[in-house]
Structures are given as C-alpha cells and as structure tokens.
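Worksheet: one structure, shown below.
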Amino acid sequence: MTGKNLHSDQIYIDGLLQNNSDVIQTIYKRFVPKIKNHIRNNSGNDDDAQDIVQEVLIVIYNQARTNGLQLTCPFDAYFFLLCKRRWLNELKKRSHKEVTIPEHLVSIDEPVQGMVSRTEIFDEKQSLFDEMFQKLGEKCRELLQLSFVTKTMEEVAEKLNVSYGYVRKKKSLCTGQLTEMIRQSDRYKSFKN
Amino acid sequence: MNEELYIGFENYLNNEMLPEEKLDFEQRLQNDPEFREYFRLYAETTRFLDTSFSPETAAFKENLKAISREHFGESLKKQPKVISFRPWQYAVAASITILFGTWFMMQSNDPEYNDFNQHEKAYFTERGSEDKSLKDAQDFFNSKEYQKAVVSFEKVAVLDTPELQYFYAIALIETNDFSKAAVVLNSIRQGNSIYKDKATWYLALSELKQHKTQECRSLLKQIPPDAEDFDKAQELLEDLD
C-alpha cells in the first residue's frame with residue numbers, strides 16, 4: 001500500500017480519526033445527499049439512509065484506527081460505493097432473495113474497487129473479533145474491557161482490587177485466548193488467503 | 001495455550017523488555033514464521049480491542065450520532081404538514097385522547113425504567129477541581145443532557161473515585177450504553193465505598209431498562225436492608241412479581 005499515491009481526500013479519513021466535527025459535518029453536507037437519494041430511489045427511506053451512512057463511517061473510523069487507512073482514490077466514490085453495497089446487502093437480508101440495483105455508473109474505477117473491498121474485508125474481520133470476544137469468559141471480558149477503557153494497568157488493578165502483576169499476566173492470557181479462538185474459527189481461515 | 005508466549009508478546013508490545021531480551025525476540029520474529037504469525041495476530045487483536053473500547057471511539061460515535069441527527073432532523077423538518085382542524089375533528093381527537101388515557105392506565109402495571117430514573121444531582125467539582133471537562137460533565141448531567149455528559153466524562157483524565165464513576169455509569173445507562181455501564185458499576189461494586197450498594201441498584205435499573213426482568217430481580221435481592229435504596233428495591237421487586 002505504501003507505494004501508491006495518497007489521495008488529497010485523505011483529509012476526510014484523518015478528520016474522522018481525529019473526531020473533527022467540522023470534517024464530519026462537511027462529509028454530511030457534501031456527500032450524504034447523494035446517498036440519501038440513492039437509498040430513497042431504491043426502496044428505502046431517510047431512516048435507512050441515516051443508519052447506513054452512520055454504520056459506514058464507523059467502519060471507516062475503525063479501520064483507520066486499527067490498521068491505518070490510506071486513501072488512494074476520491075473519498076466521494078469510495079464512500080458512495082461502500083454505502084451502496086451495504087444498502088444492497090440490507091435489502092437482500094430483508095427480502096431473503098437476490099436483489100439487483102440497476103447499474104447507472106457504468107464502470108467503477110479499479111482503485112475505488114480495491115479500497116472498498118479492503119474496507120469490507122476489515123468489516124468482516126471486525127465482526128469476527130466482536131463475535132469471539134463475546135464468547136470469552138466474563139472475567140476475561142471485564143478485564144480486557146477495563147484495561148482499554150482505563151488509562152493505566154495500575155488503575156485497572158486498583159479497580160479490580162488485585163495486584164498489578166496479576167492484571168498484567170491475566171491481560172496477556174485473555175488476549176492470547178481470544179487470538180486462539182479467532183485462529184481456530186473457519187471464518188478466520190478464509191481471511192488468510 | 002502457551003502462557004509464556006503471550007506474556008512475551010505483551011511485554012514486547014509495551015516496550016518492557018531488557019535490551020537483550022528484545023534482541024532475541026526480534027531475531028525470533030525474523031526467523032520463525034509461525035512465531036511471527038502468532039505475534040501478528042496478537043498485535044492485531046490488541047489493536048481491535050483498543051479501537052473497540054477506547055473512550056476516544058465512544059466519543060467519536062456520540063459525536064457522529066449527534067451530527068447525523070442534526071443533519072437528518074433538518075431534512076425531515078423541511079416538509080411540515082399543515083392540517084386545518086375542523087370542529088368534528090375535535091371530537092375525534094378527544095376520543096383518541098380518552099382511548100390513549102385508558103391504554104396508558106392499563107400499561108402502568110408493569111414497572112419501567114422511566115418510573116425510577118429520578119437521579120440525584122451531581123456535585124463533585126467544588127472540591128478544588130480545575131478540570132473543565134469534569135465541570136461540564138456535572139452540568140450536562142444535572143441538566144439531563146446525558147450524551148454530552150458522557151463525552152465530557154470521557155475527556156476527564158482519570159475517573160478515579162467511585163463517585164465520578166457512579167455518575168458516569170448513570171449517564172451511560174441513560175444513553176443505552178449498557179455494557180460499558182455494567183463494567184463501571186461492577187468495578188464500584190467490588191470496592192467498599194458508599195456507592196457500592198447504589199451501584200447494584202443502578203445495575204438492576206440498567207437490566208430493567210433492557211427488559212431483562214430475571215437479571216433485574218436477582219440484583220435487587222442483593223441489596224442489603226441497610227442500603228439507601230433498599231425500600232425502592234423491595235417496591236420494584238413486588239411490582240415485578
């Protein structure tokens with residue numbers, strides 16, 4: 001990814017990552033109306049559009065924060081395609097059958113396609129992590145959650161009323177257990193290719 | 001499960017290795033593909049956890065929600081519906097009101113979270129605190145602007161007293177962030193502060209709000225008779241039966 005040219009629209013990704021309200025508002029003003037129209041014209045309403053847009057922006061934020069996200073195509077095209085595909089999936093879920101939305105946009109640029117599929121793979125991975133996290137024991141979940149909510153492990157130890165050494169060790173073992181569960185899942189095996 | 005392996009990963013990620021340990025570790029990363037693969041997944045998992053639970057992510061989501069509501073709210077308000085009211089419609093409206101009232105009275109047997117959400121006011125900043133976020137959190141909390149209160153709480157450097165955690169947790173329940181509220185409340189319950197039993201009470205209310213009656217009931221039963229909320233807890237227990 002590093003060899004490619006960063007697009008100047010990277011400012012939107014960075015703005016999301018920094019929780020910059022001006023940037024988020026600009027995204028809503030500049031890019032969301034088109035998505036609203038698309039969803040309205042394809043069996044949806046404004047509530048649907050609101051949800052889809054919010055979900056996609058959270059996925060972009062998560063990807064940028066977790067693995068870094070370097071935009072190599074215009075934000076508009078990338079964001080629109082993500083929303084459009086997510087809405088298509090939602091329609092399929094609702095109707096339990098294949099749905100096709102007429103393709104007006106002729107061809108989609110290869111860089112946009114690549115960016116979008118990387119984000120979709122990330123989203124899949126995120127849901128695998130979430131699913132496996134829920135399968136951890138309660139003690140592990142609590143400790144892990146607390147150790148990322150709280151600033152330092154000393155504070156975590158204090159809150160749980162145990163020693164620092166114990167929480168440190170327990171945190172590594174719980175994370176290790178989570179990686180073990182992820183590794184053994186069939187879904188993870190499919191990402192590795 | 002290889003304990004040593006994971007403890008090593010954690011030490012390396014936190015930069016807590018002696019120079020020679022670190023050198024060995026990095027050499028192994030280079031030469032041992034399986035070790036490398038295990039480490040890669042461990043590091044990625046850590047980043048996923050960090051993204052999922054960091055207060056910054058929570059603040060981003062809150063902010064995004066607020067901006068989204070602002071944006072979509074406006075577009076809905078653009079087409080106000082004007083309906084002229086005719087006399088016969090008053091009669092219809094009146095009978096609807098009566099119907100509604102009856103329905104409401106029939107519903108009121110089931111206890112709801114909203115019957116109990118009269119929270120005490122927060123007053124924690126007089127004690128020489130200079131922290132602006134803390135002051136904001138207090139003010140937003142008292143004016144029932146819980147989303148904003150949550151954002152401000154999360155900007156506070158350390159929420160290190162049970163009192164602050166207690167109010168933070170209430171704001172989380174109000175904004176339906178139940179799992180985070182549970183983490184905070186459970187940590188208060190494990191301590192020995194005066195907020196210990198209050199935390200149990202709110203954890204029960206959080207379950208009530210999620211309509212998990214069973215869980216709510218079992219928490220209520222854990223509130224001892226000398227607790228401030230004991231009477232309310234008994235009342236709610238009766239209503240739930």
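Only one residue in B:165, B:214 is within 14 Å of another protein chain (Cβ to nearest Cβ) and part of a helix (DSSP H, G or I), so which one is that?
B:165 is the lone residue from the list that is within 14 Å of another protein chain (Cβ to nearest Cβ) and part of a helix (DSSP H, G or I).
Go through the range A:54-68 and count every residue that is more than 7 Å from chain B (Cβ to nearest Cβ) and modelled with pLDDT of 95 or more.
Looking only at that region, the number is 6.
Just a yes or no: is a residue in the range B:189-198 more than 14 Å from chain A (Cβ to nearest Cβ), surrounded by 16 or more Cβ atoms within 10 Å (Cβ to Cβ) and out of contact with any strand residue (DSSP E or B) (no Cβ under 6 Å at 6 or more places or on another chain)?
Yes, some residue in the range B:189-198 is more than 14 Å from chain A (Cβ to nearest Cβ), surrounded by 16 or more Cβ atoms within 10 Å (Cβ to Cβ) and out of contact with any strand residue (DSSP E or B) (no Cβ under 6 Å at 6 or more places or on another chain).
Please enumerate the residues belonging to the range A:1-44 that are of a type in the set (S, T, N, Q) and touching a Leu at 6+ places or on another chain (Cβ under 6 Å).
Hit for the range A:1-44 is A:10, nothing else.
Could you pull out the residue among A:128, A:143, A:178 that is assigned to a helix (DSSP H, G or I), closer than 20 Å to residue B:8 by Cα and more than 9 Å from every other protein chain (Cβ to nearest Cβ)?
The match here is A:143.
Could you please find all residues in the range B:175-198 being touching a Pro at 6+ places or on another chain (Cβ under 8 Å) and small (Gly, Ala, Ser)?
The answer is B:191, B:193.
When you scan the range A:157-175, how many residues do you find that are more than 7 Å from every other protein chain (Cβ to nearest Cβ), among the aliphatic types (A, V, I, L, M) and not in a loop (DSSP other than H, G, I, E, B)?
Result for the range A:157-175: 2.
Can you give me the number of residues within the range A:50-71 that are closer than 16 Å to residue B:70 by Cβ and free of Cβ contacts under 8 Å to residues at least 24 places away in the same chain?
Residues that pass the stated criteria total 3.
Could you please give the count of residues in the range B:1-23 that are surrounded by 13 or more Cβ atoms within 10 Å (Cβ to Cβ) and more than 9 Å from chain A (Cβ to nearest Cβ)?
5
Considering only residues that are in a helix (DSSP H, G or I) and under 21 Å from residue A:184 (Cβ atoms), which ones fall in the range B:11-34?
Selection gives B:33, B:34.
Check residue A:154 against each of (1) modelled with pLDDT under 90; (2) within 14 Å of another protein chain (Cβ to nearest Cβ); (3) assigned to a helix (DSSP H, G or I); (4) under 25 Å from the mean Cα position of the chain (by Cα) and name the one condition it does not meet.
(4)
The values are calculated or read from the model by the stated rules, or taken from the named source; none is laboratory data. All of these numbers come straight from a predicted model, not from anything done at the bench. Every residue, glycine as well, gets a Cβ built from its backbone with ideal geometry; the counts of neighbours run over all protein chains shown.
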